1. Out of the stretch 174-225, which residues are buried (at least 18 other Cβ atoms within 10 Å of the Cβ), more than 28 Å from Arg152 (Cα to Cα) and small (Gly, Ala, Ser)?
2. Which one of these is at pLDDT 85 or above and over 14 Å from the mean Cα position of the chain (by Cα): Ala10, Ala26, Ala71?
3. Give me the pairs: first residue in the stretch 67-88 and buried (at least 24 other Cβ atoms within 10 Å of the Cβ) and of a type in the set (D, E, K, R), second residue assigned to a helix (DSSP H, G or I) and modelled with pLDDT under 95, beta-carbon distance under 6 Å, and six or more apart or on different chains, which are they?
4. Consider the stretch 126-162. How many of its residues are in contact with a strand residue (DSSP E or B) (Cβ under 9 Å, 6 or more places away or on another chain) and assigned to a loop (DSSP other than H, G, I, E, B)?
5. Tell me, please, whether a residue that is farther than 22 Å from Leu124 by Cα, modelled with pLDDT under 90 and among the small types (Gly, Ala, Ser) can be found in the stretch 50-59.
6. Taking the stretch 110-125 as the search range and keeping residues that are in a helix (DSSP H, G or I) and farther than 19 Å from Ala161 by Cα, which one is farthest from the chain's Cα centre (by Cα)?
7. Please give the number of the condition Phe45 fails out of (1) crowded, with 20+ Cβ neighbours inside 10 Å; (2) aromatic (Phe, Trp, Tyr); (3) more than 20 Å from Pro139 (Cα to Cα).
8. Within the stretch 163-173, can you find the residues that are part of a loop (DSSP other than H, G, I, E, B) and either surrounded by fewer than 18 Cβ atoms within 10 Å (Cβ to Cβ) or among the aliphatic types (A, V, I, L, M) (or both)?
Amino acid sequence: MMAQAVKKKAKGAKQSNRIYGLITLAMPSSPVSEQFRTLRTNIQFSMIDKKLKSLIVLSATPAAGKSTVAANLAVTFALQGNQVLLVDCDLRRPSVHREFGLKNTEGLTNLLANQNGNKIDAYLQACEVEGLSILTGGPVPPNPAELLSSNRMKQLEKDVAERFDLVIYDTPPLFGFTDAQILAGRVDGTVFVVHYGENTKEDVLKAADSLKMVNANVLGVVYNRAPGGQKEHSYYYGYHDEE
């Protein structure tokens, strides 16, 4: 299984007008950004027999850094020339909008609830990356799991798969909620983010069992905040593990 390790962004990294957490924009020539490009390449090669159209980024527990990984992956795929859509499906604690400095007054929950009869274009937001569109989570609903398992959500997945080269979904943690499991069984591939030093072996095995139950296609594991690498670089450490 392919594994990439990422570490917390260095506090001294030059920000200018870039968004915090998006190392692939703030420091595109850094070893960190190269790690994300390597991750992108490994994901593409893991789907060599089938075109990758949809990808989910999830974690076992909160605060593992999955949203930052999802955002940087979306940027990296878009910079390759793909038309990419990043969807915030963490309807309990949406955060993708913060990664890009966007508003979250309306988003996926409004679209699925069909409150105003608007089409998806009314909720898509652009960012500074050409080819990358963002669908934020929107207001926190009382029934996230029901919305994500609804026929409207399934139809949305089909519609955006036809429109974009790649759709990346950011989800809630696996433990405690069924939201991530629901989506993992429907997308082409899954990237599992492990919080180094926080998630135990038991956490990983339990998460693997949960994903196996829905026949999720796990393409790789990202070890986030792992030690190693140069202190001035974020996310700098990676290895390839065949086990």
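The values are calculated or read from the model by the stated rules, or taken from the named source; none is laboratory data. It should be emphasised that the depicted structure is a prediction, and the values quoted were computed from it without experimental measurement. Ideal geometry is used to build each Cβ from the backbone, glycine not excepted, and the neighbour counts take in all protein chains shown.
1. Gly220, the sole residue that qualifies.
2. Values: Ala10 fails: at pLDDT 85 or above; Ala71 fails: over 14 Å from the mean Cα position of the chain (by Cα).
On inspection, the qualifying residue turns out to be Ala26.
3. Once the first residue is buried (at least 24 other Cβ atoms within 10 Å of the Cβ) and of a type in the set (D, E, K, R) and sits in the stretch 67-88, its partners that are assigned to a helix (DSSP H, G or I) and modelled with pLDDT under 95 give Asp88/Val96.
4. Initial filter on the stretch 126-162 (in contact with a strand residue (DSSP E or B) (Cβ under 9 Å, 6 or more places away or on another chain)): 126-127, 129, 131-138, 156-157, 160-161.
Checking which are assigned to a loop (DSSP other than H, G, I, E, B) leaves us with 127, 129, 131, 136-138.
Going through the stretch 126-162 one residue at a time, the tally reaches 6.
5. no
6. Here is the first cut: in the stretch 110-125, the ones in a helix (DSSP H, G or I) are 110-113, 120-122.
Keeping just the survivors that are farther than 19 Å from Ala161 by Cα gives 110, 113.
Details: Asn110: 20, Ala113: 23 Å.
Step by step, filter the stretch 110-125, then rank; the result is Ala113.
7. Just one mismatch for Phe45, condition (1).
8. Taking the stretch 163-173 first, the residues part of a loop (DSSP other than H, G, I, E, B) are 164-165, 171-173.
Selection gives Asp165 alone.
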